[in-house]
Amino acid sequence: MLFNNFGLTHRDVDRATPGFTLFAPINHDQANLLNIEGKIVHQWQLKKGGINLSALLPNGNLFITESTEDGPTIPAGKGGWMREYDWGGNIIWEHHDENQHHDARRLTNGNTVYIAWNKMSDDDAKRIKGGLAGTDDAFDASGPYEDVVREVDAGGNVVWEWHSTELDMDKYEICPLCKRHEWAHANTCAPLANGDIMVSYRVLNLLIIIDRQTGKVKWEYHDIDLGHQHDCHMLDNGKILVFSNGFHGEDLFFSRIVEFDPDSKDIAWEYRGKPALSFYSPHISGMQRLDSGNTLICEGGKGCIFEVTPEGDVVWEYVSDIWTKNVIQGEVNWVFRAQRYAADSPQIQNRV
């Protein structure tokens, strides 16, 4: 198979949603703002190199996670630094947590919520079910680790946290094809409008909502066909959007974007590739529902960012030609997520 078309590969002028798309290639030292013509119109020079989450704040500043050399040696999702850069590339806020990984979000109150690892107690480690035998200390001899959702204020003080071991560990088993070094590989912490937090646990095929006030799990969705999902979040219409990776699923060997009702679990909308196997990223990835009703999709493992209509027509596509090194797979052009911002949005306004 030839995969040699990069940059802007398709644009339907009449149906693509105008705006600027932010993406930060994993382990690269720049974050990029792309116009609808596929040209990079602004860049931020990063201190260490982006890893996973990047977003523009309402004041136009870049909020991004970057890697650190200390902390656990688990490679997948490892971060450690959360930084805010102004438009000129100056660091105006940063917080270091050597255990941070995958996701982080700036809250409306100015605090920051993120996912971190925490070494499990021996008693909790004995409660892990499923997974590949003998892999409790895979990647890091100190393992296994649990996931913690942690909130810090502007000064870096922890004001709230929730541990994954508060789940019913007897109820959920790690996928039998996955290692046991993490309970249970959280990859998304999405704040809801009421302050609750939605979390995705990849190797459990599980989505939950944590009640911010009580610390109790108030909602859950457990389904093998989530396929080790990413980027779950609630839309303005009250439905949930999720990137179903299709990895280690039951019968689905391709990725899907699924919008479903949180109460009935009924699917309201779904995107699949045409043919189905043409759309597939076994890891990372995400999507954004645009104001136009179209959906921007980041097929992360291919570095492909594309936009589809509600009918599933591809109306815009861009493939990153920025390559970085991965310790396992070599040269990659991975993109964790991408976000599009309208020209008149607070994040952009007249800055471009």
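The values are calculated or read from the model by the stated rules, or taken from the named source; none is laboratory data. On a predicted model such as this, the values are computed, not experimentally measured, just so you know. Cβ placement follows ideal geometry from the backbone for every residue including glycine, while neighbour counts extend to all protein chains displayed.
Go through the residues of segment 81-101 one by one and say whether even a single one is within 22 Å of Glu161 (Cα to Cα), surrounded by 19 or more Cβ atoms within 10 Å (Cβ to Cβ) and free of Cβ contacts under 8 Å to residues at least 24 places away in the same chain.
no
Take Arg106 and tell me if it is more than 24 Å from Lys218 (Cβ to Cβ) and touching a residue at least 24 places away in the same chain (Cβ under 8 Å).
In short, no.
Pick out the one residue from Lys218, Lys239 that is closer than 24 Å to Glu307 by Cβ, more than 15 Å from the chain's Cα centre (by Cα) and among the charged types (D, E, K, R).
None of the others qualify; the one that does is Lys239.
Regarding Gly130, is this residue surrounded by fewer than 20 Cβ atoms within 10 Å (Cβ to Cβ) and either in contact with a strand residue (DSSP E or B) (Cβ under 7 Å, 6 or more places away or on another chain) or in contact (Cβ under 8 Å) with a residue 24 or more places away in the chain (or both)?
Yes: the conditions hold for Gly130.
Tally time: how many residues in segment 80-124 are over 21 Å from Val199 (Cα atoms) and outside any strand (DSSP E or B)?
Of the residues in segment 80-124, the ones over 21 Å from Val199 (Cα atoms) are 83-96, 121-123.
Still in the list and also outside any strand (DSSP E or B): 86-90, 121-123.
Qualifying residue count, segment 80-124: 8.
Say we look at segment 137-157 and pick out the residues that are part of a loop (DSSP other than H, G, I, E, B) and modelled with pLDDT of 95 or more; which of these is farthest from Pro191 (Cα to Cα)?
Within segment 137-157, the first condition is being part of a loop (DSSP other than H, G, I, E, B), and the residues that meet it are 137-144, 153-157.
Then drop every residue that is not modelled with pLDDT of 95 or more, which leaves 144, 153-157.
Details: Pro144: 27, Asp153: 15, Ala154: 17, Gly155: 20, Gly156: 19, Asn157: 19 Å.
Taking the candidates together, the pick is Pro144.
For (1) closer than 29 Å to Gly246 by Cβ; (2) in contact with a Pro (Cβ under 9 Å, 6 or more places away or on another chain); (3) crowded, with 20+ Cβ neighbours inside 10 Å, each residue gets a yes or a no:
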{"site": "Ser121", "(1), (2), (3)": "no, no, no"}
{"site": "Gly134", "(1), (2), (3)": "yes, no, no"}
{"site": "Arg180", "(1), (2), (3)": "yes, yes, yes"}
{"site": "Trp183", "(1), (2), (3)": "yes, yes, yes"}
{"site": "Tyr201", "(1), (2), (3)": "yes, no, yes"}
{"site": "Leu204", "(1), (2), (3)": "yes, no, yes"}
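Identify all residues within segment 169-191 that are within 21 Å of Glu151 (Cβ to Cβ) and not small (Gly, Ala, Ser); write none if there are none. Before the answer, list the steps.
Restricting attention to segment 169-191, the residues satisfying the condition of being within 21 Å of Glu151 (Cβ to Cβ) are 182-191.
Selection gives Glu182, Trp183, His185, Asn187, Thr188, Cys189, Pro191.
Pairs only if they're at least six apart or on different chains, beta carbon under 6 angstrom, first in segment 220-246 and over 18 Å from Cys298 (Cβ atoms), second in a strand (DSSP E or B); list them, first residue then second.
Glu220/Ile208; Tyr221/Leu207; His222/Leu206; Met234/Ile240; Lys239/Glu259; Lys239/Ala268
Does Glu69 count as out of contact with any helix residue (DSSP H, G or I) (no Cβ under 6 Å at 6 or more places or on another chain), in a loop (DSSP other than H, G, I, E, B) and of a type in the set (D, E, K, R)?
Taking the combined requirement at face value, the residue satisfies it.
Specify the residue that is surrounded by the most Cβ atoms within 10 Å (Cβ to Cβ); the eligible residues are those in segment 290-349 that are under 17 Å from the mean Cα position of the chain (by Cα), outside any loop (DSSP other than H, G, I, E, B) and of a type in the set (Gly, Ala, Ser).
Gly300
If I filter segment 159-178 down to residues being farther than 11 Å from Leu206 by Cα and aromatic (Phe, Trp, Tyr), which single residue comes out as surrounded by the most Cβ atoms within 10 Å (Cβ to Cβ)?
Restricting to residues being farther than 11 Å from Leu206 by Cα and aromatic (Phe, Trp, Tyr), the top hit is Trp162.
Output the qualifying pairs, or none if there are none: Cβ atoms under 7 angstrom, residues six or more apart or on different chains, first residue in segment 268-291 and touching a residue at least 40 places away in the same chain (Cβ under 8 Å) and within 19 Å of Lys239 (Cα to Cα), second residue of a type in the set (Phe, Trp, Tyr) and crowded, with 16+ Cβ neighbours inside 10 Å.
Sorted first by the residue in segment 268-291, then by its partner, the pairs are Arg272/Phe254; Arg272/Phe279; Gly286/Phe243; Met287/Phe243.
For the condition touching a His at 6+ places or on another chain (Cβ under 7 Å) and among the β-branched types (Val, Ile, Thr), what is the one hit in Thr112, Thr165?
None of the other options fit; the residue is Thr112.
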